[in-house]
1. Listed residues B:Asp300, B:Asp250, B:Asp346, B:Asp324; which is over 28 Å from B:Val152 (Cα atoms) and either in contact (Cβ under 8 Å) with a residue 40 or more places away in the chain or open to solvent by 10 Å² or more (accessible area, probe 1.4 Å) (or both)?
2. Taking A:Gly224 as the residue in question, decide whether it is open to solvent by less than 20 Å² (accessible area, probe 1.4 Å) and either under 26 Å from the mean Cα position of the chain (by Cα) or not aromatic (Phe, Trp, Tyr) (or both).
3. From the residues in the range A:187-206 that are within 20 Å of A:Gly342 (Cα to Cα) and crowded, with 24+ Cβ neighbours inside 10 Å, which one is farthest from the chain's Cα centre (by Cα)?
4. Name the residues in the range B:44-55 that are crowded, with 20+ Cβ neighbours inside 10 Å and either in the same structural domain as B:Arg405 (by TED's automatic domain parsing) or touching a Cys at 6+ places or on another chain (Cβ under 9 Å) (or both), would you?
5. Filter the range B:419-454 down to residues that are in a loop (DSSP other than H, G, I, E, B) and more than 26 Å from B:Gly269 (Cα to Cα), then give me how many there are.
6. Are there any pairs with C-beta distances below 7 angstrom linking a residue in the range C:58-70 that is under 17 Å from B:Glu372 (Cβ atoms) and more than 7 Å from chain B (Cβ to nearest Cβ) to a residue that is β-branched (Val, Ile, Thr) and surrounded by 21 or more Cβ atoms within 10 Å (Cβ to Cβ), with the two at least 6 apart or on different chains, and if so which?
7. Hey, can you tell me all the residues within the range B:56-88 that are in contact with a helix residue (DSSP H, G or I) (Cβ under 6 Å, 6 or more places away or on another chain), surrounded by 15 or more Cβ atoms within 10 Å (Cβ to Cβ) and at pLDDT below 95?
8. When you check A:Ala180 against the structure, is it over 25 Å from A:Leu51 (Cα atoms), free of Cβ contacts under 8 Å to residues at least 24 places away in the same chain and either in contact with an Asp or Glu (Cβ under 6 Å, 6 or more places away or on another chain) or part of a strand (DSSP E or B) (or both), yes or no?
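The values are calculated or read from the model by the stated rules, or taken from the named source; none is laboratory data. On a predicted model such as this, the values are computed, not experimentally measured, just so you know. With ideal geometry, Cβ positions are generated from the backbone for all residues, glycine too; neighbour counts draw on all protein chains shown. Quick note on the areas: whole protein, heavy atoms, side chains included, nothing else; ligands and nucleic acids left out. Shrake-Rupley method; radii C 1.70, N 1.55, O 1.52, S 1.80 Å.
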Amino acid sequence: MSSVTADVGIIGGGLTGCATAYHLARRGARVVLLERGFVGAQSSGVNFGNLRLQGRYLRQLPLALRAQRLWEELEAEIGESVEFSQTGHVLAAVTPAHVAEIETHAVDCKPYGLDVEILDRRETLRRWPFLGEIVIGSSWSPRDATVNSRLVCPALARAARRHGADIREQVSVTAVEQAAGGAFRVVTDQGFVLDCGHLVNAAGAWAAPLAAQFGEEVPAFAAGPVQMVTEPLPRFLDPVIHAVDGGILFRQTARGNVLIAGHPRVPVDAESRRTRVPPQKATINMARLAKIAPFLRTQNIIRMWTGIEGYLPDMLPVFGPSRTTPGLLHAFAFCGHGLQIGPAVGAVLAELILDGGTQTPIGDFAIDRFRTPMAADKAKLKHEFDMEILDRKMPN
Amino acid sequence: MTRIVVVGAGPAGVAAATLLVERGADVTLIEERAQPGGQVWRAPAPGLALDMDRLLRGDSEGFRRFHAGFAVLRPRIDWRPETLVWNVHGGTVQIVAGGAQQALPYDALLLATGATDRIAPIPGWTLPGVFALGGAQAVLKDQGCLIGREVVFCGSSPLLFLAAVQYARFGAAVTVLDTTPLGAKISAVPGLAASAPRQLAKGIGLMAALRRQGRPMHLGVTLLGFEGSGGVTGVRWRDARGVERVTACDAVAYGHGLRPESQLAEIAGASLRFDRLRRFHAPEADALGRCGNGLYVAGDGAAIGGAEAAEVSGRLAAMALLADRGESVEFGALPERLARLRRFQDGLARAFAWPHAQVAALADGVTVCRCEQITAGEVRAVLAPQLGAAEVNRMKAATRCGMGRCQGRYCGHAAAEITAAALGRADAPLDRLRAQPPVKPLPIASALVEDDWP
Amino acid sequence: MAAAPSDPPRQRLLRVAACTGPEVALVVDGQAVTAREGESVLSAVLGVVDHLRLHEVSGELRAGFCLMGACQDCWVWFADAPRGRACTTPVREGMQVFTRPPPGLLP
């Protein structure tokens, strides 16, 4: 068995792993990334492509705004297109409660440096006249953007490699051992071991067992956001339209297709890595689309899919150093909000490893918040997840 | 009571439904078109005065027998014409009929979804006036229309000669350009003669008829492209001696044999196996059509075999289904008959070959995916064994090739050849684009659900 | 033998068997067209013009391809009905067919 040595080993070639490899390699670290399949082939590559700032967990905004600056420069920096399009984001209110929610959020996000504009019904319909009567107001965030998520990870991985990162696809990790002195030995199914001083656990929906091996149990569970796409239409929409409660969201791609998603997320089989969209769920999203944008009733859905994403009951990720094991860092279970912050997650992990700390606040995402058992607020989550997931995955 | 859903009312589906009904089963037969018949026994639209004897000659007896049989069957089944099965999930088929979605639960599912033309992309194949070979026949059979006056039948398929003869019967000026050399056909003859001498004689008869009528017919040609702007006006080709020629025309019927419509079977849980001779994937089933878990396949959607094999395989799959439900059945000589008919098809696959090397070497500028307008060069540009697309589904993610309305039916085979060749894996089993629902475009207006959102 | 290309025809399909059903009046891109019951939208439209649509990305003319409901290349617009295939949709009295996005599509 041959041995490969690196400063940092990364397990998982999703966005977190690729962005971390990129930032570390740019700063001169020797990095080896191991991906079981192909980079960006799981949820990092099949998501809606939303780089959404407004409506986020407020204390994640410093990270999110840092990420948006990185996204704004990414294509020029890596010399590849990821179809970055800074065309804004509309949170569409369809109930009076939604209106109150966006008005509060508009005030709350301002101190963090995010400016959004509250539009009344008339102004909302003037700007987006195809919206249905159910829309009664909106919040407009011009700095929000979209990317083609299918292109992001391969592009970042290639950029990382140009900076010297060693990125290996189709390598499964069979064991992780810790030697005396703290170094990690990662055993693979491809006839080599990786010896590294730091190890990043970025294995997405499959990361929790590795954390548990180091005495850090987290109540992570897998679910799939349903996505579908229409046939191409003439250009009619630039920003993302996103119902405040996430019940439906859609955008028009550069080719003209309308990409559609919406809660609740559905059960997936993370073991087999096969995902199926329940037809009833697809049908509900189609009906909601026809409510919020009635003229789209004449269009057809041509594809539907879902991915396997990791979630935690408080809908925040695990992101930061291990509390049990020096040299180990966790970054997983981004709860469906990982794409936008991805580049900043990579930059922060590089700082934690190379500088021993970061200026960006991430304390809320520490893994040890689960030391005391956390009861899931099922009432709050029932809009976000199919009840089957909540009943099966979350003890009361 | 046990509900058996049969999808597809061609010879396989109708034969299966007939046998199941005779054994007392409760059968729902779903067909996307208004009328039964599949492609082979496709019936004229209501009110179309098409002389089927003139069109089908010796085959008109089979046509009549099929439709007479269906007339007897129809009142005994739950007949669902003009119904699309867009998905199979959790023991239900998901249908759209009359503009509305519905779920039909089943206890056993028998898929007889047939086949469509396999197409090798070539310069000009998206021009108006260029049609798939099977389509040229279909529009004559159910609409009474020819695709043009001067029609070039080209590619390589036993249907080339049949369709050309049928078009000639209705006054078209036909030319046949077959890309498989005569030598390959001659060496297939002993196998064909041993398995189905009658069908072989019929095929040779078609070629002889064209020859007798003085219709231009060339074997072993290389097709260089379809020409014209705004519509096809000619076919550029090189004859077996290497001389380049152009045949003027106002329409082209083009195809390289048939490929199974296997999407529903895949979505319903069937594994797919790579057929090395034909270089495509087909549902993995036993000799009777069992895929496991209450799923059965028959007809060309299971294995390309033609009308007679479809009928036999439909009956066999129905018997296997009954046997699996504990009923006693006698398979008799049917399995051997099906095996012989499929051996004949193996011979045909050699006599009318898929030009895989030519497809793999397609010039960069040629459109591969006609839905998304993606070229061979765009496919090759993203392929790389490391950190590029290393198989065809990753290629699709990077290029959109295969993401359009047809879901890769017409580009998938070529995309797999180009991908394999570029990655140096042409000799290994090809990758394939995975099937995804909806199997065909699904109208948003068909979603008539009660949903309390918001 | 190299033949000189001729002009593309104004119509694509050539009827060789009569439709005997009742007449059906439809409108194709604003032009009145008379078809017969039993005809598909594809044969009605390609009986009078030489294409069905423009490709969304390239702008190429397209006139259908597989003619059996599989390739989705004969896609047209209808007034008050989902966009769909011309080859598998029968003509209906009063049907309005568009080979381009219809005027008034967007509110």
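1. Numbers: B:Asp300 fails: over 28 Å from B:Val152 (Cα atoms); B:Asp250 fails: over 28 Å from B:Val152 (Cα atoms); B:Asp346 fails: over 28 Å from B:Val152 (Cα atoms).
Exactly one of B:Asp300, B:Asp250, B:Asp346, B:Asp324 is over 28 Å from B:Val152 (Cα atoms) and either in contact (Cβ under 8 Å) with a residue 40 or more places away in the chain or open to solvent by 10 Å² or more (accessible area, probe 1.4 Å) (or both), namely B:Asp324.
2. Here the answer is yes, as A:Gly224 does meet what is asked.
3. Ranking the candidates gives A:His198 first.
4. Selection gives B:Ala45, B:Leu48.
5. Taking the range B:419-454 and keeping what is in a loop (DSSP other than H, G, I, E, B), we get B:423-441, B:447-454.
Pick out the ones that are also more than 26 Å from B:Gly269 (Cα to Cα) and you get B:423-427, B:448-454.
So the answer is 12.
6. Close Cβ pairs (under 7 Å, with a partner that is β-branched (Val, Ile, Thr) and surrounded by 21 or more Cβ atoms within 10 Å (Cβ to Cβ)) do not exist here.
7. B:Leu56
8. no
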